[in-house]
Amino acid sequence: MTEPCLHTAKLLDGVADEQLAGPTPCERLTLSELVAHVGDLGVAFAAAGRKDLGQLTGSPPGDGGYLLADDWRAQYPGNLAGLADAWRDPGAWSGLTQIGGVDLPGEVCAMVGLTEVVIHGWDVALPTSQALRPTVRSRACSGPWSRSPTALPLSTAHSRSVAAIPGGS
């Protein structure tokens with residue numbers, strides 16, 4: 001997960017202040033709100049990887065709004081680095097964890113987190129005219145988390161949303 005997190009952090013660095021009020025591919029989010037979501041998901045998915053369940057993992061994304069931190073330019077790249085670091089531990093991939101108030105297997109949570117980083121990296125790149133390197137997408141789809149959608153336990157509401165993430169927010 002390191003390369004996609006690093007690349008998305010670089011994309012955040014390329015966001016100009018005057019772009020923050022603009023639209024994004026996530027129809028209901030301004031760029032400011034999307035950047036806040038990316039910063040928040042870094043912390044939440046890192047906590048999920050560490051199995052540090054609680055407030056960060058127990059509530060849906062955007063619960064209370066997506067508010068850009070005053071020091072987001074310094075803070076959010078570190079949040080993404082923390083996400084990558086937490087999932088380097090093989091124990092993060094096993095057992096159950098929680099994200100967005102949903103209990104799910106660690107390996108599924110890792111896939112969801114990686115998808116969030118890559119897709120929202122693209123969502124930041126597009127309105128800021130930055131390039132999302134194709135190698136990030138191709139490498140993001142290899143490794144222990146790469147499985148066909150049919151391999152997921154589609155009986156749960158969350159795993160159905162995993163299949164729909166590319167069209168989600």
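No lab work stands behind these numbers, since they all come straight from the coordinates. A quick note: this is a predicted structure, and the numbers were derived from the prediction, not measured. Quick reminder, even Gly has a Cβ in these numbers, built from the backbone with ideal geometry, and neighbours come from all protein chains shown.
Where Lys and Arg each count +1 and Asp and Glu each count -1, what net charge lies around Gly64 among other residues with Cβ under 13 Å from its Cβ?
That sum, taken over residues with Cβ under 13 Å, equals -3.
Considering the dipole of region 1-117 built from charges on the beta carbon (Lys and Arg +1, Asp and Glu -1) around the Cα centre, which of His37, His7, Pro23 is farthest to its positive end?
Of the candidates, His7 comes out farthest on the positive side.
Taking θ = phi - 60°, what integer Hz values does the Karplus form 6.51 cos²θ - 1.76 cosθ + 1.60 yield along region 27-44, in sequence order, with x for Gly and Pro?
Rounded to whole hertz, the list is 3, 8, 10, 6, 4, 4, 5, 5, 4, 4, 4, 4, x, 5, 5, x, 5, 5.
Test of the criteria: in region 1-64, which GluC sites (Glu not before Pro) are in a DSSP loop and have at most 11 other Cβ atoms within 10 angstrom of their Cβ? Mind showing how you got there, number by number?
On the way: sites: Glu18, Glu27, Glu33; in loops: Glu27.
Passing sites in region 1-64 are Glu27.
Spelling out what I want: for every residue of region 64-81, take phi, set θ = phi - 60°, compute 6.51 cos²θ - 1.76 cosθ + 1.60 (Karplus), and round to whole Hz; glycine and proline get x.
x, x, 9, 9, 5, 5, 4, 9, 4, 5, 8, 7, 5, x, x, 4, 5, 5
Between Glu27 and Asp52, what is the spin-label point distance in nm, taking each point 7 Å from the Cα along the Cα→C-beta axis?
3.7
Can you compute the label reach from Thr2? Point 7 Å from Cα along the Cβ direction, backbone N cut-off under 12 Å, restricted to region 88-128.
Inside the label zone: 88-89.
Under a crude label model (7 Å from the Cα following the beta-carbon direction), how far is Leu96 from Leu67 in nanometres?
Those two pseudo-labels are separated by 3.2 nm.
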